[in-house]
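J.: Just passing along the structure, written as structure tokens.
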Amino acid sequence: MAALEALLEETREAVAQRIGTGRVADYIPALARIDPHKFGIAVVDLEGRVTALGDAHEPFSIQSISKVFTLTLALGRLGQGIWKRVGREPSGSPFNSIVQLERERGIPRNPFINAGALAVSDVVISGAGGAAAAVEEITGFIRRLAQDPAIAVDPEVAASEKATGYRNAALANFMKGFGNLENPVEAVLEVYFKQCAIAMSCAQLARAALFLAAGGRDPVAGLEIVTRQRARRIKALMLTCGHYDASGDFAFRVGLPGKSGVGGGILAVVPSRCAVAVWSPGLNANGNSLVGTLALEQLAAKAGWSVFLG
Ligand code: DON
């Protein structure tokens, strides 16, 4: 623990000059107001011990990190059937790209780009029996994983996304036109915006993802969340698609399965060891946390964490 605390301190020192740099997501007005100098990092190990630093206990908008949890739920409902609705290849395109969706006839390249996540939300709605029930299912699942009943959707962020989400509305309409949404476009968008607007801290996020570090089991609660094979596959998708058109660069620099969000969070998994979450709101050109990526690169190198060892 003490050693890990020292590593986190060293990590912060290594990126200190850059904290506050990058561009806060301003296409969602409620996110544009976030202080770019926030910086937090939390590690939760397989015993559930939390090592945290900076703003690691302050909730922020998890945005696309939610897609890891909704994918887990949708896989529970459809199993392999999900791959008829969405692909599992890196897109090489920005997260909100429309062009690729037309070329591929409404089947999004993977579950983490926006189009893919809309299809995944649609699957969760069909399973839950409606949009409100789907939002309840998603928040309930995340609360159980994080062992924290206080986790909730930030209504201001959700409303802000809804008011400005023209591009997501275009993607959803496009997919509906191709017959790849079962539910009304409005219901799919509502669930998608609300899941993205869930507020969580780094410590809560890392705790919620612990099952991915532990072969699909929550090692503290002693519960199987998904099978070992499914956990392996979710991590494979995080590694190959979790950072959109920068997924290759993240794998090269950090070497861990990760998922970013435009709120400035990144969730990473160190298999058989721990889950890590970092928050720094300034984004790089690909819409991923600039300092968050640098911090994970530093931490992974110092700790010797990588899925490419040996
Ligand atoms: O759909 C959007 O634009 C946001 N709700 C989520 C995008 C996001 O987090 C992309 N990740 N880096």
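The values are calculated or read from the model by the stated rules, or taken from the named source; none is laboratory data. Everything quoted here is computed from the prediction, not taken from an experiment. Cβ coordinates were reconstructed from backbone atoms using ideal geometry, including for glycine residues, and neighbour counts include every protein chain displayed. Areas reflect the complete protein model, heavy atoms only, side chains present, ligands, DNA and RNA absent. Shrake-Rupley method; radii C 1.70, N 1.55, O 1.52, S 1.80 Å.
J.: Lys/Arg Cβ at +1, Asp/Glu Cβ at -1, dipole of segment 224-271 taken about the Cα centre: which of A231, C241, L267 is farthest positive-ward?
T.: Of the options given, the answer is A231.
J.: Still on this structure, I have one more. Work out the charge dipole of segment 150-291 with +1 on the Cβ of Lys and Arg and -1 on the Cβ of Asp and Glu about the Cα centre, then indicate which of I151, V220, N288 is farthest towards its positive end.
T.: Checking the options against the dipole of segment 150-291, the answer is V220.
J.: Report the charge-dipole magnitude of segment 118-167 in Debye, nearest 20, computed about the Cα centre from +1 at each Lys and Arg Cβ and -1 at each Asp and Glu Cβ.
T.: Around 80 debye, computed over segment 118-167.
J.: Another one. Translational diffusion coefficient, Stokes-Einstein: compute it for the chain using the Kirkwood radius over C-alpha pairs as Rh, at 4 °C and 1.567 mPa s, and state it as an integer in µm² s⁻¹.
T.: After rounding, the answer is 69 µm²/s.
J.: Right, next: Using a Förster distance of 41 Å, how high is the FRET efficiency between A14 and A133, based on the Cβ-Cβ distance and rounded to 0.05?
T.: 0.35
J.: Now for a different question. Taking the dipole about the Cα centre of segment 65-208, with the C-beta of Lys and Arg at +1 and of Asp and Glu at -1, give me whichever of I142, I82, A203 is farthest to the positive side.
T.: Of the options given, the answer is I82.
J.: Let me ask something additional. Just the accessible area per residue of the chain, please: how many Å² with a 1.4 Å probe? Numbers along the way, then the final one.
T.: On the way: 12280 Å² over 310 residues.
On a per-residue basis, 40 Å².
J.: Could you please state how large a percent of the accessible area of the chain is carbon and sulfur, counting protein chains only and using a 1.4 Å probe?
T.: Carbon plus sulfur share of accessible area: 52 percent.
J.: Let a ≥ b ≥ c be the square roots of the eigenvalues of the Cα gyration tensor of segment 32-90; is it rounded (a/c under 1.5), or, if not, prolate (a/b larger than b/c) or oblate? Mind dumping the intermediate values first?
T.: Numbers: a/c = 3.41, a/b = 1.77, b/c = 1.93.
In terms of gyration-tensor shape, oblate.
J.: Students often forget the sequence filter, so: which aspartates and glutamates lie under 19 Å Cα-Cα from K235 once same-chain residues fewer than 8 apart are removed?
T.: Cross-link targets: D45, E89, D218, E224, D245, D249, E297.
J.: On a straight-distance basis, which lysines could pair with K162 in a cross-link, Cα separation under 23 angstrom, same-chain partners fewer than 8 positions away excluded?
T.: Once the sequence-local lysines are set aside, what remains near K162 is K67, K176, K194, K259.
J.: Could you work out how far the C-alpha centroid of segment 200-231 sits from that of segment 141-176, in angstrom?
T.: 22
J.: Could you give the length gained by full extension between W83 and F252, i.e. 0.36 nm per residue of separation minus their alpha carbon distance, to one decimal place?
T.: Net length gain for the segment: 58.2 nm.
J.: Which three extents, in whole angstrom, do the alpha-carbon atoms of segment 160-310 cover along their principal axes, largest first?
T.: 47, 36, 27
J.: Normalising by the residue count of segment 267-310, find the relative contact order in percent from Cα pairs under 8 Å and 6+ residues apart.
T.: The normalised contact order for segment 267-310 reaches 29 percent.
J.: Along its three principal axes, how long is segment 1-139 when you only count alpha carbons? Whole Å, largest extent first please.
T.: Projected onto the principal axes, the Cα atoms of segment 1-139 cover 48, 36, 29 Å.
J.: Only Lys, Arg, Asp and Glu count, each charged at its Cβ (+1, +1, -1, -1), so figure out the dipole size of segment 167-310 about its Cα centre, rounded to 20 debye.
T.: With only Lys, Arg, Asp and Glu charged at Cβ, the dipole is about 400 debye.
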